[in-house]
Amino acid sequence: MSVNLLDFDAESLTAWFAEQGEKPFRARQVLRWMHRSGVADFDAMTDLAKSLREKLRARAVVVPPAVVSDKLSDDGTRKFLIDVGNGNAVETVFIPEDDRGTLCISTQAGCALDCAFCSTGKQGFNRNLTVAEIIGQLWQANAALGAVHGDERVISNVVMMGMGEPLANFDNTVAALRLMLDDNAYGLSRRRVTVSTSGLVPVMDRLREACPVALAVSLHAPNDALRDQLVPINQKYPLKDLMAACRRYLEKAPRDFITFEYTMMAGINDADAHARELLALVRDVPCKFNLIPFNPFPGSPFRRSPADRVRRFADILIQAGIVTTTRKTRGDDIDAACGQLAGQVRDKTRRTAGRTIPLQEIRT
Ligand code: SAH
Ligand code: SF4
C-alpha cells in the first residue's frame, strides 16, 4: 500500500524523501503544497520535476479523511463530521469570533477515560486517530472555509478539545502539533494552539519536552473524592500530582498560566464552598479559569448550573485575583457544544453496555 504523506511531519517527511533518494528541499516543497496550498494532486505541484511527480504518484498518496456532513449553526459555528473508516466518524468544530477563528479538533474515535459528564466518553472507545486524520481536520476545514495558503485570518487558533484525550494518543498528536506550528505548513503560534487534557500526569511532562504548546487541564472538581467520580483518571493521578505537573509544565510553556476548565453541574460541583476549595488547591499554580456550563446530551444525569450560580462562583474566583471566563455556549442547536460531540464510535470497550454511576453517589 502507498504511504499517505499527510501522516508525516516535516522531519519524517524529509527522512522518507531521503529513502527515496530525494533531497530535503524537495520534502519542503511538497510539505508546502500539501499544507499551505491544500493540494493533494502531485500533478498540480508544478515546481517539481515531472520525474519526481511520477515517482511520488507511484509510491505515495495525499489523502485527507472525508467530510461526510457539514452543519452550520445559527451563531456561525460550523460542525464537520469526518469519516475515519470502519463505521467510525469524528467531529470538528469551527467557532468564529470577532478577533479570531478557532478550530476544535478530535484526536481519538471515542475516549477510553469515561468522564461521567461527557458524551464522547459515554460512546466508548475505538482507536487513536492517525496523523493524517488529525491534521486532515485542519486541512478539510481550511478547504471548506476557503482558507488556503496558510491564511491565519480564518483559522487563527486550534484547540484539541474535540473527541478523545490527546495525551492518550501522544505520538500522533505531537506530529500533528508540529505541522500546525511549522512555517512550511500551517504556521500557527504556539500560544494559539492548545492541548486539553483530563490530567495524564506523566504525559504532560512528555509534552512539555516534545512540543510545549498552551495547556488546558480539565479540573471539574476541587477535591479527590469528587474528582475521582467525575474524572476517573483522577484515581490514578490525584490532584496533588496534577498540580505539581502543572507547575512543571509552566517551566517551558509558551504561556505563563494553565487554563483550568471547569464544567458547572447543578448541585454537583457548583457551590461557593467548592469555589473556595479551588482557591486553596490552585494557590501555587498560575492559572486562569474557564467555566463551562454543562451541556446536556441524551441520557446524561446532570443539569446545567443556573446562570446566577455560575456568576456567583466566578465572582469568588475573580475576587481572589484569578482571571475567570465563562464559556459561551456555541453551536448547541447542532450539538456542537463542549461535551456534546459524539460522532459515531464503534465501541471496543463494551462500556456502552455497562455501568453508569448513580447520581446520588456523585455528590460530595
Ligand atoms: N479529553 C480532553 C479534551 C476534550 S473535552 C479533556 O478532557 O480535557 C473538552 C472539554 O469539554 C473538557 O474540559 C471536558 O471536560 C469538557 N466537557 C465534556 N463533557 C462536557 C459537557 N457535557 N458539558 C460541558 N463540558 C464538557
Ligand atoms: Fe475523554 Fe475528555 Fe470526555 Fe473525559 S472529558 S471522557 S477525557 S473526551
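Computed values, structure above
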{"item": "Unit Cα scatterers, Debye sum, the chain: log10 I(q)/I(0) for q = 0.09, 0.10, 0.12 Å⁻¹", "result": "-0.51, -0.62, -0.88"}
{"item": "Hull shadow area, averaged, segment 3-61 [alpha-carbon convex hull, nm²]", "result": "3.4"}
{"item": "Unpartnered cysteines - no second Cys beta carbon under 4.7 Å - across the chain", "result": "104, 111, 211, 246, 287, 338"}
{"item": "Computed Rg/Rh of segment 89-177, alpha carbon atoms with Kirkwood Rh", "result": "0.99"}
{"item": "Packing-based order for 77-86, 96-105, 191-200, using average beta carbon neighbours within 10 Å, highest first", "result": "191-200, 77-86, 96-105"}
{"item": "Residue order, fewest to most beta carbons within 10 Å, for 106, 12", "result": "12, 106"}
{"item": "Ranked by how many other beta carbons lie within 10 Å on average, peptides 45-53, 182-190 from highest", "result": "182-190, 45-53"}
{"item": "Per-residue [θ]222 nm for the chain (sum of -39500 (n - 2.57) over DSSP H runs n ≥ 4, rounded to 500)", "result": "-9000 deg cm²/dmol"}
{"item": "Å³ per residue enclosed by the Cα convex hull of segment 264-342", "result": "100"}
{"item": "Along principal axes, Cα extents of segment 196-333, largest first, whole Å", "result": "40, 34, 31"}
{"item": "Residues 37, 305, sorted so that the one with the fewest Cβ neighbours within 10 Å comes first", "result": "37, 305"}
{"item": "Segment 3-61: relative contact order in percent, alpha carbon pairs under 8 Å with at least 6 residues between", "result": "36"}
{"item": "The chain: Lys pairs at Cα distance under 30 angstrom, eight or more positions apart or on different chains", "result": "24"}
{"item": "Beta bridges by DSSP in the chain, antiparallel share as percent, to the nearest 5", "result": "45"}
{"item": "Relative contact order of the chain, defined on C-alpha pairs under 8 angstrom at six or more residues apart (%)", "result": "18"}
{"item": "Rounded Å value of the spacing that divides the Cα centres of segment 101-127 and segment 1-37", "result": "30"}
{"item": "Relative contact order (%) - segment 278-326, alpha-carbon pairs under 8 angstrom, separation at least six", "result": "46"}
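No value in this document is a laboratory result; all are computed from the given coordinates. All values derive from a computational prediction rather than experimental measurement. Virtual Cβ from ideal backbone geometry, glycine too; neighbours counted across all protein chains shown.
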